[in-house]
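A short worksheet on the structure shown next.
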Amino acid sequence: MNTHLPWSLIVLTLLSACASGPTSPTPANALRYSVPNLAVQPEAASGRSAKPGWAFSRQAVAAANPLATDAGHQVLRAGGSALDAAIAVQMVLGLVEPQSSGIGGGAFLLHFDGQKVTAHDGRETAPAGARGDMFMDQGKPLPFDEAVQSGHSVGVPGVVRMLEAAHRQHGRLPWAQLLAPAITLAEQGFRVSPRLHTLLQADPHLRKDPLALRFFYNAQGQAWPVGHVLRNPEYAHVLRRIATEGSRALHEGPVAQAMVARTAQAPRPGTLSLQDLASYQPKERQALCFDHPAPAREVRVCGFPPPSSGHIAIGQILGLLTHTQPQGPELVGGLPSPDFLHRYTEASRLAFADRAQYLADPDFVPAPGGDWRSLLAPDYLRQRSQLIGHQSMKVAKPGQPGTSQSSFAPMPTQTEYGTSHISVIDAQGRAVAMTSTIEAAFGARRMVSTDPARQGGFLLNNELTDFSLSPSDAQGRPIANRVEPGKRPRSSMSPTLVFDKATGQLLMSAGSPGGAFIIHYTAKLLRGSLHWGLNAQQAINLPNFGTLNGPTLLEAQGFDSATIDALKARGHDVVQIDMTSGLQAIERTPKGWFGGADPRREGVVMGD
């Protein structure tokens, strides 16, 4: 192999060869999964790797790891639907990218069947025994890491049951076949990528779990080196049961018992029960869509309603920007201008203030004015935009979109992590945008195995730390996103589908991991592609920026000193940090589809 070739070209060439076969779909119900060459490294480095963007005429799949992308690609070639491909991708991601998502976590999935968009909610829920003060200690919130590693942090997982329900509606290939790629890779092994190795080596807590220590590390406690072939027979065993029994194999019986046992162990044992697992039900919600005027055409942007806060925040930011007057071009020298960054981050402060005040599980917390769309109403956004001036407001306060005053206290800013994103468009025009998660890297750092004699297993989520650790403020006012039994924690996940408003034609499937910054990463992609004439890859490549209603955050080494100085002159407290997005996007072109993947991570796009 010529190691001087660009990494992306090497991966694409070899993976395409490994998945070779007829370019026309194989007969339906006949997926014949072929393992890619194990000599292929999923990424060249754990840092930034240039991605070229990929063009296709019929169908495409984008995911955070080449092995996962390849599995989805093979499903599409076998005649599977976009939903089928997403299932195969997710099951492989749970194996090769265990730090980000897996069967022990949850997901939000947007599906377009060619006529309508459906939102499938597989978000985790709080156990029946959860208490509002379970993350408090002597009147103060637990340190975040301590809360994460406690049994209290584990929510009832929902991704498998949600995918099963979605498959009954939108699947084309048999359920069991879609798990075959992950089962095969788990049994035969996959090579540890530089990103997985780096995160394993750096994680200060995963080694505390005996099962995880034995699986992810060598006898000296060092992460398995890059290229080490890692087999996970326990994960294969669990998936084989799920393949034949469906989600019951996870939510009942030995696997459920093992999850409950791991959650019940110290420190701070949780309350997850067999009844919690058996009774979990995914929800089908109405997608939340808003219209947005772009220079070329007006578009309709569809995303996930609460308990996600992401789509509403994105809609508010983009809507507020339409009511501000730019002082010159928004791109200068190929980068966002200081004036645009000022207007964008001021709009973001307003959106994040509303997010902290209002957003939570809609089954527990009413929408302001009785309708979540009140937060996106043009008149409300026009009124809020008047708060954006020449100087930064530094910290915004929430608005009042409805007619009644909220009785809730704003939620304090709190750390959010994790996730992985999948975008798929099949040859029939069906599309998926799905973001899945176990929250922090490696979740609660608790590995589940039904048989200690078998290596491996899967990790439990720490999703309940997405609730406010404090149930109320100093005045005793409850926080909307507080812990309550059966409640789904607020999320920032923002799977997104974009349509031409006039024709209804699908234009894009997109999304990103990144905790609360998912909102900014996805908004950046939409601004770049809809307003700046950039293709998906070019928009993804742009340096990241945003705010959580505090300092103005810029991606380290992404902006020059003149930009930083200009922002400081307008009152911004500028902080440069690593902002490791993982954007995936597939967009329509005159010749078919074009896919982009984030250079900051190891994803690729494949298709035909």
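No value in this document is a laboratory result; all are computed from the given coordinates. What you see is a predicted model; the values in this text were computed from it and never measured. So basically every Cβ, Gly included, is an ideal-geometry build from the backbone, and we count neighbours across all protein chains shown.
Just to verify a number: FRET efficiency for residue 577 and residue 323, C-beta to C-beta distance, R0 = 25 Å, to 0.05?
It comes out at approximately 0.30.
Applied to the range 477-489, the Karplus parametrisation 6.51 cos²θ - 1.76 cosθ + 1.60 on θ = phi - 60° returns per-residue 3J(HN,Hα) values of 6, x, 9, 3, 8, 8, 6, 8, x, x, 7, 9, x Hz, with x for Gly and Pro.
Mean projected area of the convex hull spanned by the Cα atoms of the range 453-589, taken over all viewing directions: 14.8 nm².
Dipole magnitude for the chain: computed about the Cα centre from +1 point charges on Lys and Arg Cβ and -1 point charges on Asp and Glu Cβ, it is near 320 debye.
Dimensions of the range 72-177 along the principal axes, based on C-alpha atoms and rounded to the nearest Å, stand at 57, 30, 19, largest first.
Based on Cα contacts under 8 Å between residues 6+ apart, the range 452-608 shows a relative contact order of 17 percent. Value of Rg to Rh for the range 279-384, rounded to two decimals, is 1.03; Kirkwood radius and Rg both from alpha-carbon coordinates.
Taking GluC sites (Glu not before Pro) across the range 162-245, none is in a DSSP loop with at most 12 further Cβ atoms lying within 10 angstrom of its Cβ. Remark: the range 111-116, residue by residue, has Karplus-estimated 3J(HN,Hα) of 10, 10, 9, x, 10, 9 Hz, where x stands for each Gly or Pro and the curve is 6.51 cos²θ - 1.76 cosθ + 1.60 at θ = phi - 60°. Dividing the mean sequence gap of close Cα pairs (under 8 Å, 6+ apart) by how many residues the chain holds gives a relative contact order of 24 percent.
Between their Cα atoms, which of 140/394; 51/591; 524/568; 394/487; 140/568; 51/568 are more than 23 Å away from each other?
140/394; 394/487; 140/568; 51/568
Report summary: the helix-based calculation at 222 nm, which adds -39500 (n - 2.57) for every DSSP H run with n ≥ 4 and divides by the residues of the chain, gives -9000 deg cm²/dmol. Going from the fewest other Cβ atoms within 10 Å to the most, the residues 403, 118, 496 appear in the order 403, 118, 496. Loop-located trypsin sites (Lys or Arg not before Pro) across the range 369-442 with a Cβ neighbour count of 16 or fewer within 10 Å are 394, with loop assigned by DSSP.
By the rule of a C-alpha distance below 19 Å, with chain neighbours fewer than 8 residues away ignored, the aspartates and glutamates paired with residue 501 are 113, 291, 298, 587. When the Cα atoms of the chain are aligned to their principal axes, the ranges along those axes come out at 62, 59, 47 Å in descending order.
Ordering 506, 537, 486 by Cα displacement along the dipole of the range 483-608 toward the positive end leaves 486 in first place; charges were set at the Cβ atoms of Lys, Arg (+1) and Asp, Glu (-1). Under conditions of 20 °C and 1.002 mPa s, the range 375-508 yields 111 µm² s⁻¹ as its translational diffusion coefficient, taking Rh as the Kirkwood radius over Cα pairs in the Stokes-Einstein equation.
Neighbour counts of C-beta atoms inside 10 Å place 421, 167 in the sequence 167, 421, starting with the fewest. Compactness of the range 305-452 was expressed as the Cα radius of gyration divided by 2.2 N^0.38 Å, which yields 1.29. Taking other residues whose beta carbon is less than 11 angstrom from the beta carbon of residue 424, and scoring Lys, Arg as +1 and Asp, Glu as -1, yields -1. In plain terms, the residue of 120, 292, 228 with the fewest other Cβ atoms within 10 Å comes first and the most crowded comes last, giving 228, 292, 120. Here the Karplus curve 6.51 cos²θ - 1.76 cosθ + 1.60, taken at θ = phi - 60°, turns the phi angles of the range 317-326 into couplings of 4, 5, x, 4, 5, 5, 9, 10, 9, x Hz, with x standing for Gly and Pro.
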